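Colleague: Here it is: the structure, laid out below.
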Amino acid sequence: MQRHPLIAAVSLGLFAGAATSTALAEATPLEQQLKDLESFQVIAHRGASGHAPESTMAAYELAHEWGADYLELDVQLTSDGKLVVFHDDTIDRTSDGEGNINDYTLEELKALDSGTWFNEANADKADTAFEGAQILTLEELFERFGHDARYYIETKSPLLNPGLEEALVETLENHEMIENGRVLVQSFEQGSLLKVRELNEHVPLIQLVWYSPSEEDSDRLVEWTGVTPAPAEITDEDFQAIAEYAAGIGTNVTYKGEDVIDAGFISQAQENGLPVHIYTINETDEMQRLRGWGVNGLFTDYADRLLELED
Ligand code: G3P
Ligand code: CA
C-alpha cells in the first residue's frame, strides 16, 4: 500500500514536535497510529452495542475491556453547545424522551433514561444495571479512558450541528488526543472533514461513503453525497482525490443483501493509499468473508465475535 501523505509528513518532520532526523527510527504515536491502519482494526460500533445500550458508558466499558482497537462514536451538539455521544437526530428511539437532540440542554438530556429501551428490546441481554443510563458527553468518555483507548469519532449530521467541528477539535486538542495517535474523525460529509482539517491539519480523517441504487435507475449505483462515482466507475484519480485529505475510507459493502463493492474496490483503494473499513458487520460468516477480501477493519456491534476470530 502507498504511504499516506500524513505519514510522509511526519517522517519529514513537518509536524510541530515531530521526531527530528536523529530519532526517525522511532515512530511518534501519531505515526504509529497511521501505520496501524494498514493492519486489521476491530472497531466497536457505538461501543459493545450488541450487548449493552449503544453509546453509553456500559457499552464502551465492555468494548474497552475486550480490547477493541477503536471505540466508535457519533458526536452531536446540545442546545447549550456541549458535545454528546449520540447517533440519532432525535432522542425517541434510545431514551425515554422525544424530539430533536439539538433542542435540549445537556442538563435536560442527562435527566433522561438511555438504558431501559435496550432492556425492553433485548430481553435476553437485559440488565437492571442499564436502567437509567445517561447520555454521555465526549469529555466523560475521554476522562474515563484517556489515552488508553483509540476513538473513531463521527461528526454526525453536521448540517444540523453548526459549530460541531470547532467544538470537537477544541476538545481533541485539550485532551492531547491528536498527537498521541488516539483519534480518527469520520464523516459522510466531505465539507465537515475539510473543516476539521482546516482547524487542525494533523487529525487523521476517514471519508465515509454509502453506495445504493440510484432512484432514477435502480440498475445503477450512486454514492450518497456524490463524493465518488459508482464503484464500477471509480478510478485511481477518484481515490487519490480522497487520499489528499483522508487517511482511509469507511463504506457499506451490501445494500439489501446485495454486494455494492467487491474485493477489487478494496485493493484499488489500498493501492491508492486508502485503508478500507466496512460498516456494520455483525455476523461471523460475513466477518470471515470480508477478512478474506483483505479489508483493513470492520465496524461491528459485536467486537467480541470479531476478536474471537482474530485469536
Ligand atoms: O460510522 C460508520 C457507521 O457507523 C456509519 O453508520 O449510521 O452507524 O453512524 P452509522
Ligand atoms: Ca457512526
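Colleague: Among the residues of region 179-189, is any open to solvent by less than 10 Å² (accessible area, probe 1.4 Å), within 22 Å of Gly297 (Cβ to Cβ) and away from ligand 1 (no atom under 16 Å from the Cβ)?
Modeller: Yes, some residue in region 179-189 is open to solvent by less than 10 Å² (accessible area, probe 1.4 Å), within 22 Å of Gly297 (Cβ to Cβ) and away from ligand 1 (no atom under 16 Å from the Cβ).
Colleague: Still on this structure: For region 142-160, what are the residues that are away from ligand 1 (no atom under 16 Å from the Cβ), over 11 Å from Met177 (Cα atoms) and in contact (Cβ under 8 Å) with a residue 40 or more places away in the chain?
Modeller: Correct list: Arg144, Phe145.
Colleague: Scan region 158-165 and tell me whether some residue there is within 18 Å of Ala58 (Cα to Cα) and open to solvent by 60 Å² or more (accessible area, probe 1.4 Å).
Modeller: no
Colleague: Let me ask another. When you go through Glu54, Glu72 one by one, which is the residue that is open to solvent by less than 50 Å² (accessible area, probe 1.4 Å) and outside any loop (DSSP other than H, G, I, E, B)? Write out each step before concluding.
Modeller: On the way: Glu54 fails: outside any loop (DSSP other than H, G, I, E, B).
Matching residue, one of Glu54, Glu72: Glu72.
Colleague: Determine which member of the set Ser79, Ser114 is farther than 24 Å from Leu306 by Cβ, polar (S, T, N, Q), at pLDDT 95 or above and open to solvent by 40 Å² or more (accessible area, probe 1.4 Å). Spell out how you get there, then give the answer.
Modeller: On the way: Ser114 fails: open to solvent by 40 Å² or more (accessible area, probe 1.4 Å).
Result: Ser79 is the single residue among Ser79, Ser114 that is farther than 24 Å from Leu306 by Cβ, polar (S, T, N, Q), at pLDDT 95 or above and open to solvent by 40 Å² or more (accessible area, probe 1.4 Å).
Colleague: Quick check on my filter: what residues within region 70-98 are more than 16 Å from ligand 1 (Cβ to nearest atom), closer than 17 Å to Lys156 by Cα and polar (S, T, N, Q)?
Modeller: Thr78, Ser79
Colleague: What residue, of Asp80, Asp88, is part of a loop (DSSP other than H, G, I, E, B), more than 15 Å from ligand 2 (Cβ to nearest atom) and among the charged types (D, E, K, R)?
Modeller: Answer to the selection: Asp80.
Colleague: Can you name every residue in region 43-70 that is under 16 Å from His277 (Cβ atoms) and within 14 Å of the chain's Cα centre (by Cα)?
Modeller: Ile43, Ala44, His45, Arg46, Ala68, Asp69, Tyr70 - these are the residues of region 43-70 that are under 16 Å from His277 (Cβ atoms) and within 14 Å of the chain's Cα centre (by Cα).
Colleague: Residue by residue through region 57-69, note down the ones that are away from ligand 1 (no atom under 16 Å from the Cβ) and part of a helix (DSSP H, G or I). Write out each step before concluding.
Modeller: Residues of region 57-69 away from ligand 1 (no atom under 16 Å from the Cβ): 57-58, 61-62, 64-67.
Of everything in region 57-69, those that are away from ligand 1 (no atom under 16 Å from the Cβ) and part of a helix (DSSP H, G or I) turn out to be Met57, Ala58, Glu61, Leu62, His64, Glu65, Trp66.
Colleague: Within region 59-69, track down each residue that is under 19 Å from Ile153 (Cβ atoms) and either touching a Phe, Trp or Tyr at 6+ places or on another chain (Cβ under 8 Å) or not hydrophobic (A, V, I, L, M, F, W, C) (or both).
Modeller: The answer is Tyr60, Glu61, His64, Asp69.
Colleague: Which residue is farthest from ligand 2 (Cβ to nearest atom), if the candidates are limited to region 134-183 and must be small (Gly, Ala, Ser) and part of a helix (DSSP H, G or I)? Quick ask: steps written out before the conclusion?
Modeller: Here is the first cut: in region 134-183, the ones small (Gly, Ala, Ser) are 146, 149, 157, 163, 167, 181.
Now narrow it down to the ones that are part of a helix (DSSP H, G or I): 146, 167.
Details: Gly146: 22, Ala167: 17 Å.
Checked region 134-183; the qualifying residue farthest from ligand 2 (Cβ to nearest atom) is Gly146.
Colleague: I've got another one for you. State all residues of region 170-198 that are closer than 19 Å to Ile242 by Cα and of a type in the set (Gly, Ala, Ser); if no residue qualifies, say none.
Modeller: Within region 170-198, Ser187, Gly191, Ser192 qualify.
Colleague: Moving on to the next point. Taking the stated definitions as given, is Val209 within 14 Å of ligand 2 (Cβ to nearest atom) and open to solvent by less than 10 Å² (accessible area, probe 1.4 Å)?
Modeller: Yes, satisfied.
Colleague: Within region 48-72, how many residues are of a type in the set (Gly, Ala, Ser) and within 11 Å of Ala149 (Cβ to Cβ)?
Modeller: The total comes to 3.
Colleague: In region 242-280, which residue that is within 14 Å of Val295 (Cα to Cα) and touching a Leu at 6+ places or on another chain (Cβ under 6 Å) is farthest from ligand 2 (Cβ to nearest atom)?
Modeller: The extreme case among them is Pro275.
The values are calculated or read from the model by the stated rules, or taken from the named source; none is laboratory data. The structure displayed is predicted, hence computed values, not measured ones. Every residue, glycine as well, gets a Cβ built from its backbone with ideal geometry; the counts of neighbours run over all protein chains shown. Surface areas here come from the heavy atoms of the whole protein model, side chains and all, with no ligands, DNA or RNA. Shrake-Rupley method; radii C 1.70, N 1.55, O 1.52, S 1.80 Å.
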